[in-house]
Amino acid sequence: MRVLVVEDEKRFAAALRDGLEAEGFAVDVAGDGGEGLWLVRENPYDVLVLDIMLPGMSGYTLCAKLRAEGVWTPILMLTAKDGEWDEVDGLDSGADDYLTKPFSYAVLLARLRALLRRGARPRPAVLTAGKLRLDPAVHRVWRGESEVELTAREHALLEFLMRRAGEVVGKLEIVGHVWDVNFDGDPNIVEVYVRRLRTKLGADAIETVRGAGYRLTGD
Ligand code: CA
């Protein structure tokens, strides 16, 4: 497996390279974000290790840029102990995991193996389907250019349907994911909420598939 380490502290980067090579990884090292970006565009990496504090482009920015370009290679962020890392910002920028320095190689390797198992399937921070766009981090939804105001439950239902866009999802499955364990009401509640979403998003945004459930098109 091929890994890119983007880290400006040369000795630390060299130690990482040696450690990972000893485990059988093919390792490239970039000393700043710009070089990292160039290498990722040129090479098929299986996993990326990004330091946050880099000269020029930060690890956050590099991560967000890669995700915006449709690069879904798993990303592990490295952070110092002094609180430079904001977990929320980092994960919202599209990182998959993070480690605080100093860390043990055993932990680093375990995290990298977990990320490699996950693979590079798309997992966008902002969901899109048809004309719809939903940002789970800030709980905002747009249809085309206009923002749509949703209640918390409407938002939760739409997010679930958008994560499964194009698939038929049954009422019971929806209830299981969008309502909590205390909900023991009628699964037809889903119909009520789908109707509300159609009113706000357009009648064609969610199709009814008779006897099976709903399919989000976003149209
Ligand atoms: Ca650094």
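Only the coordinates and a few stated rules stand behind these numbers; no lab work does. Treat the numbers as computed from the prediction; the structure is a model and nothing was measured. All Cβ positions, even for glycine, are placed from backbone atoms using ideal geometry, and neighbour counts span all protein chains on display.
Within the chain, how many Lys pairs sit with Cα atoms under 26 Å apart, leaving out pairs fewer than 8 places apart on the same chain?
The result is 10.
Within the stretch 30-56, whose backbone N sits under 13 Å from a point 7 Å along Cα→Cβ of Asp8?
Answer for this model: 31-36, 51-56.
Report, in debye and to the nearest 20, how large the dipole of the stretch 2-118 comes out about its Cα centre when Lys and Arg carry +1 and Asp and Glu carry -1 on their Cβ.
Around 360 debye, computed over the stretch 2-118.
Report ³J(HN,Hα) in whole Hz for each residue of the stretch 53-67, in order, from the Karplus equation J = 6.51 cos²θ - 1.76 cosθ + 1.60 where θ = phi - 60°; Gly and Pro get x.
Working through the residues one at a time gives 8, 10, x, x, 7, 6, x, 4, 5, 4, 4, 4, 5, 4, 4 Hz.
Of the candidates Arg67, Arg140, Arg121, which one comes out as most mobile in a Gaussian network treatment of the chain with C-alpha springs shorter than 10 Å?
Arg121
Starting at the first residue of the stretch 125-137, write each ³J(HN,Hα) from the Karplus equation 6.51 cos²θ - 1.76 cosθ + 1.60 with θ = phi - 60°, in whole Hz, x for Gly and Pro.
Along the stretch 125-137, the couplings run 6, 10, 8, 9, 7, x, 8, 9, 9, 9, 10, x, 5 Hz.
How much length would be gained if the chain were fully extended between Arg113 and Thr61, taking 0.36 nm per residue of separation minus their Cα-Cα distance, in nm to one decimal?
16.3 nm
Shape of the stretch 2-118 from its Cα gyration tensor (a ≥ b ≥ c, root eigenvalues): rounded if a/c is under 1.5, otherwise prolate when a/b > b/c, or oblate?
rounded
Once the dipole of the stretch 99-150 is set up with Lys and Arg at +1 and Asp and Glu at -1 on Cβ about the Cα centre, which of Val107, His139, Leu150 lies farthest towards its positive end?
Val107
Between His177 and Arg41, 0.36 nm times their residue separation minus their Cα-Cα distance comes to what?
Difference between extended and current length: 45.2 nm.
Run through all the Cα pairs of the stretch 76-197 and give the fraction in each 5 Å bin from 0, expressed as whole percent.
2, 9, 16, 16, 15, 13, 11, 10, 6, 3, 0
Relative to the Cα centre, what is the charge dipole magnitude of the stretch 127-216, using +1 at the beta carbon of each Lys and Arg, -1 at the beta carbon of each Asp and Glu, and rounding to the nearest 20 debye?
That gives the stretch 127-216 a dipole magnitude of about 260 debye.
Figure the gain on full extension for Asp186 and Asp18 (residue separation times 0.36 nm, minus the Cα-Cα span) and round it to one decimal in nm.
Extra length from Asp186 to Asp18 when fully extended: 54.6 nm.
Taking only Cα atoms and a 10 Å spring cutoff, compute GNM fluctuations for the chain and point out the largest among Ala114, Ala106, Ala80.
Ala106
Normalised by the empirical 2.2 N^0.38 Å for globular proteins, what value does the Cα Rg of the chain take?
Cα-based Rg divided by the globular estimate yields 1.23.
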